[in-house]
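*Asks:* Got a structure for you, questions after.
What follows is calculated from the coordinates using simple rules that are stated; it is not laboratory data. Every value quoted in this text rests on a predicted model; they were computed, and no experiment measured them. No Cβ is skipped: glycine too gets one built from the backbone with ideal geometry, and neighbour counts run over all protein chains shown.
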Amino acid sequence: MVRRTNIVLVILVIAAAVATWAVLGTAVAQTKAAVPKPQDKLALGEEEVRQLLLLIDTNKNGKISKQEWMKFMEAEFDRLDKDKKGELDVRELTQSKLRVSHASVGR
C-alpha cells in the first residue's frame with residue numbers, strides 16, 4: 001500500500017512538473033511572438049528623411065544642395081524667431097517641428 005502511494009505520488013509530481021513546463025513554455029512562446037523584431041536603425045527614420053528631402057529639394061533633383069539647405073534653415077529660423085530679434089531662445093526652439101535624433105548626435 002505504501003509502495004502504491006509512493007508510485008502515485010511520483011506520478012502526480014511528474015505530471016505537475018510536465019504541466020507547469022508546458023504552461024511556462026507556451027507563455028514564453030507567446031511573449032516572444034508579441035515582441036516586435038528589431039528593425040534596421042536606418043530604416044526607422046527613412047520615411048521621415050524622404051519627407052524632409054521632398055520639403056527642402058526645391059529643384060526636385062532628388063538631392064539637397066547647400067543652397068537649398070541654407071534657404072530652408074533660414075526660413076525655419078525666421079519662422080521660429082517670433083520676436084524678430086535675430087536670436088532663438090528655448091521657448092522659440094521648442095516650437096520647431098524639426099527634432100534631433102539622440103542616437104545620431106555626436107556621430
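*Asks:* How many nm separate the modelled label positions at Glu87 and Lys63, each set 7 Å beyond the Cα in the direction of the Cβ?
*Replies:* 3.8 nm
*Asks:* Oh, and also: Rounded to the nearest 20 Debye, what is the dipole magnitude of the range 41-93 about its Cα centre when Lys and Arg each give +1 and Asp and Glu each give -1 at the C-beta?
*Replies:* Numbers: 11 positive and 13 negative charges, 37 e Å.
My answer is approximately 180 debye.
*Asks:* To continue, here is another question. Give the average over all directions of the projected area of the C-alpha convex hull of the range 41-93, one decimal, in nm².
*Replies:* 4.9 nm²
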